[in-house]
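Participant: Sharing a structure here in structure tokens format.
The values are calculated or read from the model by the stated rules, or taken from the named source; none is laboratory data. Predicted model only: the values in this text are computed from it and were never measured. Cβ placement follows ideal geometry from the backbone for every residue including glycine, while neighbour counts extend to all protein chains displayed.
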Amino acid sequence: MKRVFINVYAITLALFCAAGFAVAAFFAYTGFGASGLWLCLAGGVLSLFFAPFYHETGHIVFARSKGFFVVSWKICFLKYDGADGRKKISFCSPFAADSTQAVPEQAFADMKKRAAAYTAGGLLFGGAFLLTIIVVAAVFGGYAGAFVLFGALPYAAYLFLLNLPPFEYAGGKTDMRVLCDILKDKPYGVRLIAAMNAQGELASGKPYSAIDKNYLENLPVIAEDEPLFVLNEFYSYYAAAELRDYEAAAKHINRIALLSPYLTVEEQRAALCELTYLNALLNDETQADKCFAALSYGAENAENAENAENAEKSEKSGGARSTCAENRAAAAYYVMRGDLPAAEKALSAAVKCEEQERFKGAAASERLLSEPLKERLDELKA
């Protein structure tokens, strides 16, 4: 019933937005003719960019003021991505659900207050933008130019009111829902604060195994298809793998693999990397072959590969591996197969990729995860 109400609210809001714009366009045309109509249309188009711009700017300003660094943001059809040490701006679908992603520079004792401010920033800036349009339009309503503002008003109101209730839409939680979860210590809010502090410790240089266990263990139960749950499982896997507790590591990575339908493409590939790495370390040739083939051909085409030997040839003939994890997984596989030249080449590439890691702690983690491979390489050379 609640889901139906939320859907009805979103649809009703969209209809009111469309109706509001139609009314503004009607009065623009009847009052000022074609020029008024064009001004109204221009306002509507501009609001598609500026309304989300001010909303995301609010998140960015509050994030920076509270000790976070911005990893990515999306405004209409533009997206900034600073992940993996590479900063780039690209075009994207204006309907994509991506938003501003910020990470704390370190763990903070008052992370709850900082996270609340960062979350509320979008609502505050979005509300201020909407209020400014209303006030200025009211003051200059008798002029044709004011219809730029009247044209911008419906979408600005729509975006603000869409995020104002504490709802969870199909595309994710509203800012108000996240804010309420944080302030009321709901399971999702507690998990979010723990994840932020864990990221803060990574950013300050700690590997996963050195992260305060309170940020990874004994946390409130949330749905397993929640991104925060998946993130915690990845962090717990890396912590166990660094300590060479491969039984615990297998438990976490296999749990992630079961959630494959809910994972992003990047998460699916990261899981394949770790499954290849772990199975190779455990000398499980059957599973390592399967995972390595999926990593090389894509999970959907892995069954079409005759065997992992074909995947190996594909990799050697120019298959690009762009991350530490991909190169480390390949190195583990080649070590298992006794292919020293290929293993050394992949391991060397993994070391070179360390500077691309988003967190200093992640780079430290890669060095720890590479140690067993170096040891086995030395044994094979002896």
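Participant: Does the stretch 61-83 hold any residues that are surrounded by 20 or more Cβ atoms within 10 Å (Cβ to Cβ) and among the β-branched types (V, I, T), and which are they?
Facilitator: I75
Participant: Go through (1) over 28 Å from R269 (Cβ atoms); (2) in a helix (DSSP H, G or I); (3) polar (S, T, N, Q) and name the single condition N232 misses.
Facilitator: Answer for N232: the failing condition is (1).
Participant: Are any of the residues in the stretch 246-267 in a helix (DSSP H, G or I), at pLDDT below 85, over 17 Å from S348 (Cα atoms) and hydroxyl-bearing (S, T, Y)? It would help to see each step written out before you state the result.
Facilitator: Filtering the stretch 246-267 for residues in a helix (DSSP H, G or I) gives 246-258, 260-262, 265-267.
Now restrict to residues that are at pLDDT below 85: none.
Checked the stretch 246-267: no residue is in a helix (DSSP H, G or I), at pLDDT below 85, over 17 Å from S348 (Cα atoms) and hydroxyl-bearing (S, T, Y).
Participant: Give the residues of the stretch 163-183 that are in contact with a strand residue (DSSP E or B) (Cβ under 8 Å, 6 or more places away or on another chain) and aromatic (F, W, Y), sorted by residue number.
Facilitator: At the first step, the residues of the stretch 163-183 found to be in contact with a strand residue (DSSP E or B) (Cβ under 8 Å, 6 or more places away or on another chain) are 167, 174, 177, 181.
Listed by number, the list holds a single entry, F167.
Participant: Being surrounded by fewer than 21 Cβ atoms within 10 Å (Cβ to Cβ), in a helix (DSSP H, G or I) and modelled with pLDDT under 60 is the requirement here; does E303 meet it?
Facilitator: On the way: surrounded by fewer than 21 Cβ atoms within 10 Å (Cβ to Cβ): yes; in a helix (DSSP H, G or I): yes; modelled with pLDDT under 60: yes.
Against the criterion (surrounded by fewer than 21 Cβ atoms within 10 Å (Cβ to Cβ), in a helix (DSSP H, G or I) and modelled with pLDDT under 60), E303 qualifies.
Participant: Kindly provide the set of residues from the stretch 279-295 that are under 17 Å from A241 (Cβ atoms), surrounded by fewer than 24 Cβ atoms within 10 Å (Cβ to Cβ) and of a type in the set (A, V, I, L, M), ordered by number.
Facilitator: L281, L282
Participant: I would also like to ask the following. Look through R269, R244 and report the one residue that is surrounded by 16 or more Cβ atoms within 10 Å (Cβ to Cβ) and basic (K, R).
Facilitator: Working: R244 fails: surrounded by 16 or more Cβ atoms within 10 Å (Cβ to Cβ).
Unique residue meeting the criteria: R269.
Participant: Tally the residues that are under 30 Å from W38 (Cα atoms), among the aliphatic types (A, V, I, L, M) and surrounded by 20 or more Cβ atoms within 10 Å (Cβ to Cβ), restricting the search to the stretch 152-179. Step through it out loud before you land on a result.
Facilitator: Pass one, the stretch 152-179, residues under 30 Å from W38 (Cα atoms): 152-163.
Still in the list and also among the aliphatic types (A, V, I, L, M): 152-153, 156-157, 159, 161-162.
Then drop every residue that is not surrounded by 20 or more Cβ atoms within 10 Å (Cβ to Cβ), which leaves 152-153, 156-157, 159.
So the count comes out to 5.
Participant: For the stretch 186-225, how many residues are acidic (D, E) and either in a helix (DSSP H, G or I) or crowded, with 16+ Cβ neighbours inside 10 Å (or both)? Talk me through it step by step, then tell me what you get.
Facilitator: So the first thing to find is which residues in the stretch 186-225 are acidic (D, E), and the list is 201, 212, 217, 224-225.
Still in the running and either in a helix (DSSP H, G or I) or crowded, with 16+ Cβ neighbours inside 10 Å (or both): 201.
Of the residues in that region, 1 qualify.
Participant: State whether the residues of the stretch 351-358 include one that is within 20 Å of the chain's Cα centre (by Cα), assigned to a helix (DSSP H, G or I) and closer than 13 Å to K206 by Cα.
Facilitator: no
Participant: Let me ask something else about it. Give the number of residues within the stretch 268-300 that are among the hydroxyl-bearing types (S, T, Y) and modelled with pLDDT under 90. Walk me through it before giving the result.
Facilitator: Residues of the stretch 268-300 among the hydroxyl-bearing types (S, T, Y): 276-277, 286, 296-297.
Checking the rest, the ones that are also modelled with pLDDT under 90 come to 296-297.
The number of residues fulfilling the criteria is 2.
Participant: Hey, can you tell me all the residues within the stretch 99-131 that are hydroxyl-bearing (S, T, Y) and modelled with pLDDT of 95 or more? First the steps, then the outcome.
Facilitator: At the first step, the residues of the stretch 99-131 found to be hydroxyl-bearing (S, T, Y) are 99-100, 118-119.
Within the stretch 99-131, Y118, T119 qualify.
Participant: Something else about it: What number of residues within the stretch 143-168 are free of Cβ contacts under 8 Å to residues at least 60 places away in the same chain and small (G, A, S)?
Facilitator: The number of residues fulfilling the criteria is 1.
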